[in-house]
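A.B. asks: One structure coming up, written as structure tokens, with questions to follow.
The numbers here are math on the coordinates, done by the rules we state, and not lab data. Quantities reported herein were computed from a predicted structural model and do not represent experimental measurements. We place every Cβ from the backbone using ideal geometry, glycine too, and count neighbours over all the protein chains shown.
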Amino acid sequence: MKKITLLLAVIILASCAPKKFNEKWLTKKAPTTFKARFETTKGNFDIVARRAWSPKGVDRLYQLIKYGYFDDVALFRVVPNFVAQFGIHNDTIINNHWRDSKIDDEPVLAKNEAMSISFARGGKRTRSHQLFINLKDNHRLDDYKGPGVTGFPVIAKVIEGKDVVLKFYDGYGDKLGRKQDSINKFGNKFLREKFPKVDYIKKAYFIK
């Protein structure tokens, strides 16, 4: 009887626990346009996303925000006068599920101007969970020739809090861009121990 009671308790707890990932989330379509707020260690910034710029990319951004992906996510690669990159999740299970859920490639329809946001990618069908904010006009990224792809499709733009974005700590430069394996493996513990000045997104959510 005790074993049955214990088994039932485990089942109940499992059913009540928040899901870390569900493939059904990947089918959620974004509205034509939406706004979201990102709370960070330097303050808040707001964005607007437009599906017309990159339908699949904006859908993925919508999914990431809707399901709380950006809770405690590091702005790990801030290169002065270039980009602020983020998207590696502290929880390895969550990170790996989203990282492995690639989205199809799309053309660049909006320019990579200052405060626009695009997904990072390193070749064909590699957009998934990492994004960057352009800290200046980076028009060369519109037609940058990568392995089998051209450019970085813009999905959103910062509309409020631009001063906050420009305050993200950039003293590590591109150093952490070359340590992504360690960040993926050890999460924020690695960053907080070795690179304590890194800024973080606390959470992101939709606003009217």
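A.B. asks: If you check Ile94 against the conditions, is it closer than 25 Å to Pro196 by Cβ, in a helix (DSSP H, G or I) and in contact (Cβ under 8 Å) with a residue 12 or more places away in the chain?
C.D. replies: Criteria met by Ile94.
A.B. asks: Residue check, Asp170 against (1) surrounded by 13 or more Cβ atoms within 10 Å (Cβ to Cβ); (2) among the acidic types (Asp, Glu); (3) part of a helix (DSSP H, G or I), all met but one. Which one?
C.D. replies: Only one criterion in (1) surrounded by 13 or more Cβ atoms within 10 Å (Cβ to Cβ); (2) among the acidic types (Asp, Glu); (3) part of a helix (DSSP H, G or I) is unmet by Asp170, namely (3).
A.B. asks: With respect to Val48, determine if the residue is in a loop (DSSP other than H, G, I, E, B), in contact with a strand residue (DSSP E or B) (Cβ under 9 Å, 6 or more places away or on another chain), over 27 Å from Phe190 (Cα atoms) and aliphatic (A, V, I, L, M).
C.D. replies: In short, no.
Here's the yes/no breakdown for (1) in a loop (DSSP other than H, G, I, E, B); (2) surrounded by 20 or more Cβ atoms within 10 Å (Cβ to Cβ); (3) touching a residue at least 40 places away in the same chain (Cβ under 8 Å):
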site	(1), (2), (3)
Ile133	no, yes, yes
Arg140	no, no, no
Gly187	no, no, yes
Leu191	no, yes, yes
Pro196	yes, no, no
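A.B. asks: Here's a follow-up. Scan region 144-153 for residues that are more than 19 Å from the chain's Cα centre (by Cα), in a loop (DSSP other than H, G, I, E, B) and under 19 Å from Lys56 (Cα atoms) and report the count.
C.D. replies: The total comes to 1.
A.B. asks: Output yes when any residue across region 101-118 is among the hydroxyl-bearing types (Ser, Thr, Tyr) and assigned to a loop (DSSP other than H, G, I, E, B), and no when none is.
C.D. replies: Checked region 101-118: at least one residue is among the hydroxyl-bearing types (Ser, Thr, Tyr) and assigned to a loop (DSSP other than H, G, I, E, B).
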